[in-house]
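Derivation of every value follows stated rules applied to the coordinates shown; laboratory data play no part. Fair warning: this is a prediction, and the values are worked out from it, not measured in the lab. A quick note on method: Cβ atoms are made from the backbone with ideal geometry, for glycine too, and the neighbour counts reach across all protein chains shown.
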Amino acid sequence: MASLPGNAIFYGVLIAPGFVAVMTAVSLAAIEDDIKQFVLLVWSLVSSLLIDALFIGAYQIFVEPITSFSQFQGILFDPAFRIGYILVIFAVSLFVGVMYAAAILIDLPGILRGIIQAKMQVSYSRRQPWENYLKHADQVMVKTSDDQLYIGDVSGWSRSNRQKELRITDPHRYNEKEQEFEPVGGPEQLFLNDDIKRITVLKTDQILSIRERVWGGMVAFGSWLDPRESWIDPRDSGNQPDPDTE
């Protein structure tokens, strides 16, 4: 019978793969949500069960059937610590983590949510409306809390229910006297939550997301191109947007 330290190592080998897979997915997918520890624990345990089942299934197919729990314990530690099997389990954990990350990056939950909600009157997205609104925004006009208008190219914005922040490059401010947008004088400008009164998207950057490219590639190669629409930049034209337009 295995000793207590041996049992602890054995159960550690059974449980650890799920944690490796989940943390790999969180790292590769750059998840910004504050995930609850309980949720991470549940996903890790479920992933461990999945990875262990895959290992046991493969062992039974390629080596021999497993008829008892003690036999499975002996596979990893009898007659000695099987480094090869441990490395296989670790590699499978990384692979599962990469698959999780890929599913997150192509927004597989969003795809499934869209299929389920296709016939429903009310649809729901975990990131609406802030992130979805700016998802393809290339150039925006920001009306600040002091009723100033700014135009710039979107370079970043906050996500995942955090305090709203928006960063633009090549910022221009509307001069009411001259009735035109003038350079602010810096390469970037940051707007915080209390600064933002309204955001108007002036130009959309329709570079396809990973999910859209995967689905579009099934239809035509042309879906991978960047279909930018031609438009007139207000900073390069006398046709300025009406600052009083809501």
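Summary table
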quantity	calculated
Under Karplus coefficients 6.51, -1.76 and 1.60, residue-wise ³J(HN,Hα) of the range 86-93 in Hz, glycine/proline x	4, 5, 5, 4, 5, 5, 5, 4
Listed pairs LYS119/LYS197; LYS36/LYS119; LYS135/LYS177; LYS36/LYS135 exceeding 29 Å between Cα atoms	LYS119/LYS197; LYS36/LYS119; LYS135/LYS177
Pair GLU178, ILE86: separation of 7 Å Cα→Cβ label points (nm)	6.9 nm
Table column - 3J(HN,Hα) (Hz), the range 141-152, Karplus curve with 6.51, -1.76, 1.60, x for Gly and Pro	10, 10, 9, 8, 5, 9, 6, 9, 10, 10, 10, x
